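A.B. asks: I'd like to ask some things about the structure below.
Readers should treat all values here as calculations from the given coordinates under stated rules, not as data from a laboratory. Source: prediction; values computed, not measured. Cβ: placed from backbone, ideal geometry, glycine included. Neighbour counts: every protein chain shown.
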Amino acid sequence: MRDFNEITATEGVLKSFDSIENKRVKVLMGSIVKHLHEVVKETEPTFEEWQKAIEFLTRTGQKCDERRQEFILFSDVLGISMLIDTINNRKNNNETESTVLGPFHAPAPDIRFGDNIAHHVKGEKCLVKGKVSDINGKVIPDAIVDVWQSGPDGLYDVQKENNVVDLRGKMKTNKNGEYFFKTVKPQFYPVPTDGPVGEILNLMGRHPFRPAHIHFMIKAEGYVDLTTHVFIDGDPYLDSDTVFAVKESLIRKLNDAIDPDDNTQCKELTFDIILEKKK
């Protein structure tokens, strides 16, 4: 190409993709180039702005390690993660809705029905229970229920330096499709703001908070895997989750309860889960 200018630029780059054999790659790269070129033409960034953008992406990559994925966080706060999740998990019936995985999922220890996953944190005790079924109400025994949450300090175990596994566990539903575990009452918390994504949030004048929630990943033979949250009704950040992950159908109330094992007062959260059958 010998005549690169504002008019010919996009078509020239797209033509260079003619030899791409993978059709999906060709579609994706073509669309990305078209939209990025349109942004550049519309906003006319200066060289200094372009250099800052490159520097931002470089620092975002440098912030990633085995404990943290800054690029996922960047995708989260722009609503891209949730948009991709929503497109790929369209529901036709009354199946439980999905939401983002988040950057803090990690291998969890196996736990038994009624075990406590809160070993190294202090907080208000919370009993979490529910059943897993299909859209017709048929219970699903032996479904794998993988759960994790942050502590009262707003941190997940993988964010701490002590390498102690806490506030996560993996169990199977019983013959009635039920699961039950004990934990501490989830709290709202900020996403990490000590990196490039925190700078972007500050630049946009946005807060970094996520409403209180517990993560769930459900797997059962013959059913579509589900990744979701349960959110706590009344949380001050339900309408402004910084990663846009809240769905009305996933909000539940915390009720007063008594722990049957020691007769102490606590909170109770019930979250029934409906899975979609594989086609």
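A.B. asks: Taking the simple approach of a point 7 Å from Cα along Cα-to-Cβ for both Arg90 and Asn176, what is their distance in nm?
C.D. replies: Simple spin-label model gives 3.8 nm for this pair.
A.B. asks: Would you kindly derive the ³J(HN,Hα) couplings of segment 47-63 from the backbone phi angles with the Karplus curve 6.51 cos²θ - 1.76 cosθ + 1.60 (θ = phi - 60°), listing them in order in whole Hz, with x for Gly and Pro?
C.D. replies: Whole-Hz 3J(HN,Hα) from phi for segment 47-63: 4, 5, 5, 4, 5, 5, 5, 4, 5, 4, 5, 4, 5, 4, x, 5, 7.
A.B. asks: For segment 126-233, with only Lys/Arg (+1) and Asp/Glu (-1) charged at the beta-carbon, what is the dipole magnitude about the Cα centre, in debye rounded to 20?
C.D. replies: Once rounded to the nearest 20, the dipole reads 400 debye.
A.B. asks: Each label point is 7 Å from the Cα along the Cα-to-Cβ direction; what then is the distance between the points at Thr58 and Asn263, in nm?
C.D. replies: 6.6
A.B. asks: I want the antiparallel fraction of DSSP beta bridges within the chain, as a percent rounded to 5. Don't jump to the answer; show the numbers that get you there.
C.D. replies: Details: 31 of 41 bridges.
The antiparallel fraction comes to roughly 75 percent.
A.B. asks: Pull out the extension gain between Lys26 and Lys278, defined as 0.36 nm times the separation in residues minus the alpha carbon to alpha carbon distance; nm, one decimal. List each step's numbers first, then the result.
C.D. replies: Details: separation 252, 0.36 × 252 = 90.72 nm, distance 2.95 nm.
That works out to 87.8 nm of additional length.
A.B. asks: With springs only between Cα atoms under 10 Å, which of Thr43, Thr173, Thr183 fluctuates most in a Gaussian network model of the chain?
C.D. replies: Between Thr43, Thr173, Thr183, it is Thr43 that shows the largest mean-square fluctuation.
A.B. asks: Further, regarding this structure: Could you run the Karplus curve 6.51 cos²θ - 1.76 cosθ + 1.60 with θ = phi - 60° over segment 270-279 and give me ³J(HN,Hα) per residue in whole Hz, x for Gly and Pro?
C.D. replies: Each residue's phi maps through the Karplus curve to give 10, 9, 7, 10, 10, 9, 9, 6, 5, 8 Hz.
A.B. asks: Which of His35, Thr193, His105 sits farthest toward the positive end of the charge dipole of the chain, with +1 on the Cβ of Lys and Arg and -1 on the Cβ of Asp and Glu?
C.D. replies: His105
A.B. asks: I've got another one for you. Using alpha-carbon pairs under 8 Å, 6+ residues apart, how would you state the relative contact order of the chain in percent? Walk me through the intermediate numbers first.
C.D. replies: Values: 487 pairs, mean separation 55.9, N = 279.
Dividing the mean separation by the residue count of the chain yields 20 percent.
A.B. asks: Please list, ordered by chain and number, the residues whose modelled amide H lies under 5 Å from the amide H of Ile214; skip anything fewer than 5 residues away on the same chain.
C.D. replies: Residues meeting the criterion, in which the H sits 1.01 Å from N, are Val230.
A.B. asks: Right, something else. Could you tell me how far the Cα centroid of segment 69-132 sits from the Cα centroid of segment 155-202, in Å?
C.D. replies: 8
A.B. asks: For the ranges 246-255, 76-85, what's the packing order if you count other beta-carbon atoms within 10 Å of each residue, average per peptide, and put the highest first? Before the final figure, lay out the partial values.
C.D. replies: Working: 246-255: 15.2, 76-85: 17.1.
The peptides rank, most packed first, as 76-85, 246-255.
A.B. asks: Please list, in order along segment 222-228, the HN-Hα scalar couplings obtained from phi with the Karplus expression 6.51 cos²θ - 1.76 cosθ + 1.60 (θ = phi - 60°), rounded to whole Hz, x for Gly and Pro.
C.D. replies: Result, rounded to whole Hz: x, 10, 6, 4, 10, 10, 7.
A.B. asks: Now for a different question. To the nearest 0.05, what FRET efficiency results for Val121 and Asp233 with a Förster distance of 22 Å applied to their C-beta separation? All intermediate terms of the calculation are to be shown ahead of the outcome.
C.D. replies: Numbers: r = 23 Å, r/R0 = 1.02.
Plugging the Cβ-Cβ distance into 1/(1 + (r/R0)^6) gives 0.45.
A.B. asks: Once you charge only the Cβ atoms, +1 for Lys and Arg and -1 for Asp and Glu, what is the size of the charge dipole of segment 92-274 about its Cα centre, to the nearest 20 debye?
C.D. replies: Working: 20 positive and 28 negative charges, 39 e Å.
Dipole about the Cα centre, nearest 20: 180 debye.
A.B. asks: While we're looking at this one, here's another question. Where is the GNM fluctuation largest for the chain (alpha-carbon springs, 10 angstrom cutoff): Ala245, Ala106, Ala53?
C.D. replies: Maximum among the listed residues: Ala53.
A.B. asks: With a Förster radius of 35 Å, plug the Cβ-Cβ distance of Ala9 and Asn202 into 1/(1 + (r/R0)^6) and report the FRET value to the nearest 0.05.
C.D. replies: Working: r = 33 Å, r/R0 = 0.95.
Step by step, r from the Cβ atoms, then E = 0.55.
A.B. asks: On to the next question. Once the Cβ-Cβ distance between Phe17 and Val165 is put in as r, and R0 is 45 Å, what FRET efficiency do you end up with, to the nearest 0.05? Kindly include the intermediate steps, with their values, before the conclusion.
C.D. replies: Numbers: r = 46 Å, r/R0 = 1.02.
My answer for the efficiency is 0.45.
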